[in-house]
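Since the structure comes first, as structure tokens, the remarks are kept for the end.
The values are calculated or read from the model by the stated rules, or taken from the named source; none is laboratory data. Small disclaimer: the values here were computed from a predicted structure and weren't measured. Counting neighbours? That spans all protein chains shown, and the Cβs are built from the backbone with ideal geometry, glycine included. The protein model used for the area step is the full one, side chains on, heavy atoms only, and it has no ligands, DNA or RNA in it. Shrake-Rupley method; radii C 1.70, N 1.55, O 1.52, S 1.80 Å.
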Amino acid sequence: MKQVGVLALQGDFAAHGAAIERAGARAVFVRDREQFAQIDGLVIPGGESTTMLKLLHYDNLMEPLAAFGREKPVFGTCAGAILIARNVFHPTQESLGLMDIGVERNAYGRQIDSRVVEIAVEPEFESRTAPGKLEAVFIRAPIIRRVGPSAHVLAEYRGDPVLVEEGRHLVATFHPELTSDPRVHALFLEKL
Amino acid sequence: MFQFSSEQFRVKVGLAEMLKGGVIMDVTNADQAKIAEDAGASAVMALERVPADIRKEGGVARMANIAVIEKIMATVTIPVMAKARIGHFVEARILESLGVDYIDESEVLTPADEENHIDKGPFKVPFVCGARNLGEALRRIAEGAAMIRTKGEAGSGNIVEAVRHIRTIIKQMKQLTVLGKEEMVHQAKELQAPLELVEWVAEHGKLPVPNFSAGGIATPADAALVMQLGAEAVFVGSGIFKSSDPAARANAVVQAAKNYLDPEKLLAASRALGDAMPGLDISKLPESELLQTRGW
């Protein structure tokens, strides 16, 4: 069975672990660089991207994480998407640059602007997983403002990309781990 | 009756999910908020005075000055919480209009209503409330709280009450899971909590909202202790900014919450810290000075 690491410094890593197991792989909570050798892919969960960045630096995990991403699939949701992006603004923040996308933080506003919505998905997403709309939970979510030429949009909300892949990597600005729909995690497992 | 599946409730609980494994720090101004954010806090709690000062100075403790909260919100990008007095739904509406990310209906402030807590369900902003036992936690959830924290004894620098409260809540939940369905009505009566919520806990063995700990956490070891006992994140009030080196202590508590199961890393986090805040012996405090008995 494939082993999927979930970066467990802070945030909803437990929810991702459960979602990975529901989608049919084994979840491993990653806190040390030695663990990267044992996993086939990595999830960077939701949480606070500023906080995670500080914790990654404190544990000297930025470089091992970027190196892992140069070879293996990484999936980020919300804060994780911010860390994976090439450019981060509002305010400008350092990131891993694993995908050629530009992300604006807290772009919908504050917590009172958080929401749960049904979103349409691209037919390609449905054909690779299963048909049907996606329920998207947005919590103080970022907006993907720029998508590079080799990145690929799988779902949009109000005209903005919310589920994007580029090669082996995948990002969602919403939280599929907070719903019972396993399709987004299943899509990521296909990349392993 | 309890709309766990409603969009609004899920969004409220969703933010609490994002704060798990982290540390929420009390701050009284923007400079402190910046120190907290730089140290790796996952959110800050804006208040007028930290609990240790409220305890010392007395008087009525209210919602923080709006200008101060606004400045904190403009200074950090992590979520900003603020405290409202128990039952003071107008303070809560004002904080909601201001756009704070979470409201703590807190026993640390002077209660505005000695019988009723705020009806939190209709608000768009989520609420966290303190609890000493499972019944109190479930009453707050029934009113719409989307996060529970232990009350502990705020401003005491003494972990004993937070330990008592988290142990009590966890033990009472475990007990429910082994009882029969026919025993639930009696349990609801004993706990003074709604039957539906008691049944939900009996089935799932946990609260329907995240369960954090607060009240007396002063050291990295304190934070790891309540996490090992079952708390999913911690609030640190006076413990940071009443210590001799707030930035170092803030960082150490963050590291402890993250590595709460790893003694080597806890040792590293506990090194090279200045003095912790002075602590109080709870048993020497007169009943009238306890903050945890506010609310019910």
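Worth a mention:
- Hits in the range A:94-135 - residues which are touching a residue at least 40 places away in the same chain (Cβ under 8 Å) and assigned to a strand (DSSP E or B): A:MET99, A:ASP100, A:ILE101, A:GLY102, A:VAL103, A:GLU104, A:VAL117, A:ILE119, A:VAL121, A:LEU134, A:GLU135
- Scanning the range B:229-245 for residues that are at pLDDT below 95 and surrounded by fewer than 22 Cβ atoms within 10 Å (Cβ to Cβ) returns B:LYS242, B:SER244, B:ASP245.
- Filtering A:ILE119, A:ILE143, A:ILE112 for residues that are buried (at least 16 other Cβ atoms within 10 Å of the Cβ), closer than 23 Å to B:MET18 by Cβ and either within 13 Å of chain B (Cβ to nearest Cβ) or touching a His at 6+ places or on another chain (Cβ under 6 Å) (or both) leaves a single hit, A:ILE112.
- In this structure, B:GLU17 qualifies as crowded, with 24+ Cβ neighbours inside 10 Å and either in a helix (DSSP H, G or I) or not charged (D, E, K, R) (or both).
- Counted residues, the range A:11-57 - those being buried (at least 20 other Cβ atoms within 10 Å of the Cβ) and of a type in the set (S, T, N, Q): 3
- Residue count, the range B:168-193 (criterion: open to solvent by less than 100 Å² (accessible area, probe 1.4 Å), aliphatic (A, V, I, L, M) and part of a loop (DSSP other than H, G, I, E, B)): 2
- B:MET227 satisfies every condition listed in (1) within 16 Å of the chain's Cα centre (by Cα); (2) in contact (Cβ under 8 Å) with a residue 40 or more places away in the chain except (2).
- Only one of the numbered conditions (1) under 19 Å from B:PRO51 (Cβ atoms); (2) part of a loop (DSSP other than H, G, I, E, B); (3) basic (Lys, Arg) is violated by B:ARG149, and that is (2).
- Unique residue being touching a residue at least 40 places away in the same chain (Cβ under 8 Å), touching a Cys at 6+ places or on another chain (Cβ under 6 Å) and at the interface with chain B (Cβ under 9 Å from one of its Cβ atoms) when the list is A:GLY46, A:GLY11: A:GLY46
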